[in-house]
Amino acid sequence: MKQDIHPKNYRNVVFKDMSNGTTFLSRSTADSRETIVFEEDGQEYPVIKLEISNTSHPFYTGKNVLVDTAGRIDKFKKRYEKKAK
């Protein structure tokens with residue numbers, strides 16, 4: 001195996017699922033300028049915002065829910081609604 005190929009600047013980061021508000025603490029090298037107080041221990045950590053995580057993804061929740069990110073479904077409907085008329 002190659003030596004010294006992995007980053008050494010891992011730190012604790014809170015990941016926040018923006019679709020349902022769930023947060024969890026993990027280690028990451030990702031940069032973030034925002035911080036959040038983690039509810040479980042009351043300490044402040046950098047926060048990484050996620051559009052979807054295992055708590056909201058239909059595969060993991062077992063719910064057949066279509067996740068609309070950034071209004072893509074509405075854009076699609078508007079585009080093809082005009083052509084149908």
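Quote the FRET efficiency, to the nearest 0.05, computed for Ser26 versus Asp4 with a Förster distance R0 of 25 Å and r equal to the Cβ-Cβ distance. Could the numbers behind the result be given before it?
On the way: r = 23 Å, r/R0 = 0.92.
Given R0 = 25 Å and the Cβ-Cβ separation, E is 0.60.
Mind checking which lysines have their C-alpha under 25 Å from Lys77, skipping anything on the same chain fewer than 8 residues away?
Correct list for Lys77: Lys63, Lys85.
Can you sort Val13, Val37, Val47 by how many other beta carbons sit within 10 Å, fewest first? Present the calculation step by step, with values, prior to reporting the outcome.
Values: Val13 21, Val37 11, Val47 18.
Final ranking by Cβ density, sparse to dense: Val37, Val47, Val13.
Can you give the extra length, in nm with one decimal, that the chain gains between Thr35 and Glu51 once fully stretched, where that is 0.36 nm per residue apart less the Cα-Cα distance? Kindly include the intermediate steps, with their values, before the conclusion.
On the way: separation 16, 0.36 × 16 = 5.76 nm, distance 1.73 nm.
Computed gain between Thr35 and Glu51 is 4.0 nm.
Cut-off under 20 Å on the C-alpha distance; same-chain residues fewer than 8 positions from Lys16 excluded. Which aspartates and glutamates are left, in chain and number order?
Leaving aside aspartates and glutamates fewer than 8 places away in the same chain, those within reach of Lys16 are Asp31, Glu34, Glu39, Glu40, Asp41, Glu44, Glu51, Asp68.
FYI, it's all coordinate maths here, none of it is from the lab. Since we're looking at a predicted model, the values are computed, not measured. Positions of Cβ are backbone-derived with ideal geometry, glycine not excepted, and every protein chain shown enters the neighbour counts.
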